[in-house]
Amino acid sequence: MKTYDVLVVGGGMVADAAAQALREQGHDGSIGILGEEPVPPFPRPALSKKLWTDPDFTQDGLDPRTAEETGAEVHLATRVTAVDPQARTVTTADGTTFGYGSLLVATGGHPRGVDGLPASDRVLHYRTLTDYQRLRALAGGGARVAVVGGGYIGSEIAAALSQQDCEVTLVHPEQVLGDTRFPEPLAQRFQQLFVDAGVRLVSGTKVDGGEQRGDEISLRLSDGGVLDVDVVVVGMGIEPAGDVLDGVAERSDDGGIVVDERLRTTAEGVFAAGDVAEYPDRILGRRRVEHVDNASAMGAAVGRIIAGSDETYDHTPMFYSDVLGHGFEAMGSTSTDLETVVDERADGRTVVYYLTADEVAGVLVWDGDGDELEGAEQLLAAHARPANPVDLLGRL
């Protein structure tokens, strides 16, 4: 049985950040990384952004050289199915057992599916580098591509494909694309970007299933319609992959893994970080965040903690999206279920404040320069709202 001083279950950016931080903190023990995917850690946002939009960026630019820079042993295509904290071992799907001194669970999430779709290499639940490679092979040549889901992944991949030789249809449940995040008129501006790019929008609709006939997929829509395409890309977010600690450590209501301020689970010697971890944000309270800023910062923090640092995880992460030459950065809660204050700037920036009855709960900056986020964090940390919300105009 191979035993590591630190074993990481999950081969994403958390694993890379943790391994790098372990070495920077002076840890000289052995590090093992067990990754479910057949590729080493890489920056996942590139799958819907730079790999499509930057002609000078290739797959070679994805590799952070985790093994070379840290000496970690990276085991690819290795899925862990069980953890035994008493024995300090994990077991993989093929029955192999690994031992550990400290365990970091960084399993991220698995893409949400759509019931009733055929099992086909033309139906991609978009999440991995393998999915990107397959979509690259299928896209172009006038291919008809249906993208299912109007959130981060769905909107970004639809935007990226619109700049390829494809006929893109985006099927999403919102009445106006982005209207659960953007208030009017920003949602209309966001949607118009896709219309101008030639994307066909099928709004207020879901996919109920489909059939494959030869190389064609026929999708059944919830409004009774049918959509015939060559490729289906499902981009509906993820479900946290916390099952590996089922019955071993406390799980959150949505299936994540509960950790404390030092990223420790309730199982002795077991830590968790990244998309799968529900942690106590010092400003926003207990939450689980599925964005790369959190993965990188939390991975680095947990690496230092395992190596002996006495710090706590005190980073409040930002999140962002880029589509069709525009984008936004945000922090906190960005739901139009909240009261919103919209600050339209003469320079093209738009700042949106999201308010509860008691405080400013979130800030979103459209086409900003990134400098606004420090002020946004301070505003959220104040846990207050002005007596007159109009006073927020010009604040950032």
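The values are calculated or read from the model by the stated rules, or taken from the named source; none is laboratory data. Remember, it's a predicted structure, so these values are computed and weren't measured experimentally. Because the Cβ atoms are built from the backbone with ideal geometry, glycine has one as well, and the counts that use them run over all protein chains shown. All accessible areas refer to the heavy atoms of the entire protein, side chains included, with ligands and DNA or RNA removed. Shrake-Rupley method; radii C 1.70, N 1.55, O 1.52, S 1.80 Å.
Projected onto its three principal axes, the C-alpha set of region 317-391 covers 36, 27, 23 Å, listed from the longest axis down. The sum of -39500 (n - 2.57) across all DSSP H runs of n ≥ 4, divided by the residue count of the chain, sets its helix-only mean residue ellipticity at 222 nm to -5500 deg cm²/dmol. Computed over region 252-373, relative contact order equals 17 percent, with contacts defined as Cα pairs under 8 Å that lie 6+ residues apart. Once C-alpha pairs closer than 8 Å and six or more residues apart are averaged by separation and normalised to the residue number of the chain, the relative contact order reads 16 percent.
For residue 206, a cut-off of 14 angstrom between C-alpha atoms picks up these aspartates and glutamates, skipping any fewer than 8 places away in its own chain: 115, 174, 223. Give the label of the value calculated from the structure for Cα extents along the principal axes in Å, choosing from (i) 83, 53, 46; (ii) 58, 53, 40; (iii) 62, 56, 40. Answer label, from the structure shown: (iii). Per residue, region 2-92 exposes 44 Å² of accessible surface when a 1.4 Å probe is rolled over the protein heavy atoms with every protein chain present. For the options 239, 374, 290, a Gaussian network treatment of the chain with springs between C-alpha atoms closer than 10 Å singles out 374 as fluctuating the most. Taking 88, 345, 304 in turn, the Gaussian network model of the chain (Cα-Cα springs below 10 Å) assigns the largest fluctuation to 345. Relative contact order of region 1-120, taken over Cα pairs closer than 8 Å and 6 or more residues apart, is 37 percent.
Considering only beta bridges that DSSP places wholly inside region 160-310, some 75 percent are antiparallel. Carbon and sulfur together cover what percent of the accessible area of the chain at a 1.4 Å probe radius? Roughly 44 percent of what the probe reaches on the chain is carbon or sulfur.
Per residue, region 292-396 exposes an accessible area of 42 Å² to a 1.4 Å probe, with every protein chain left in place. Please give the residues of region 301-331, grouped as numeric ranges, whose backbone N is less than 17 Å from a label point set 7 Å along the Cα-to-Cβ vector of residue 369. Within reach of a label on residue 369: 327-329.
Highest average first, the peptides 318-331, 191-204, 55-68 ordered by how many other beta carbon atoms sit within 10 Å of their residues are 318-331, 191-204, 55-68. The distance from the alpha carbon centre of region 39-88 to that of region 263-293 is 20 Å, rounded to a whole number.
The charge dipole of region 43-98, taken about its Cα centre with unit charges on the Cβ of Lys, Arg, Asp and Glu (plus for the first two, minus for the last two), comes to roughly 280 debye.
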